[in-house]
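> Just passing along the structure, written as structure tokens.
No value in this document is a laboratory result; all are computed from the given coordinates. The shown structure was predicted, so the numbers you read here are calculated from the model rather than taken from an experiment. So basically every Cβ, Gly included, is an ideal-geometry build from the backbone, and we count neighbours across all protein chains shown.
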Amino acid sequence: MDDFVEEIENKRKTNFSVTNMPVGNLKEFKKLCKEEYGDVYYVGIIQLMKTKKLYEQIIPLLSSLQKDINELKSKLNGGK
């Protein structure tokens, strides 16, 4: 029964408002949604959340790569 209630809760729709958002950012977001997602804001929000998750996964990998590159550079430069 709890799964059923949770599924209904997850599929329920709601309206929301954004406060204190710079007008330029809002215009950019609306433009993105119109051009890329058929003028559907929730799809734009979902895509932004997916991008955030990917970014969070990539950053540690890039940091590790940068460390490895710096070590290789140091070795190639004779430890200078």
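> Within region 31-67, restricting attention to residues that are in a helix (DSSP H, G or I) and of a type in the set (Phe, Trp, Tyr), which residue is nearest to LYS13 (Cα to Cα)?
By that ranking, first place goes to TYR42.
> Another question, then. Filter region 25-68 for residues that are in contact with a Gly (Cβ under 9 Å, 6 or more places away or on another chain) and in contact (Cβ under 8 Å) with a residue 12 or more places away in the chain; which is surrounded by the fewest Cβ atoms within 10 Å (Cβ to Cβ)?
Taking the candidates together, the pick is LEU32.
> I'm trying to understand the selection: among the residues of region 1-26, which are under 20 Å from the mean Cα position of the chain (by Cα), of a type in the set (A, V, I, L, M) and farther than 18 Å from VAL43 by Cβ?
Once the filter is applied, which keeps residues that are under 20 Å from the mean Cα position of the chain (by Cα), of a type in the set (A, V, I, L, M) and farther than 18 Å from VAL43 by Cβ, region 1-26 yields only MET21.
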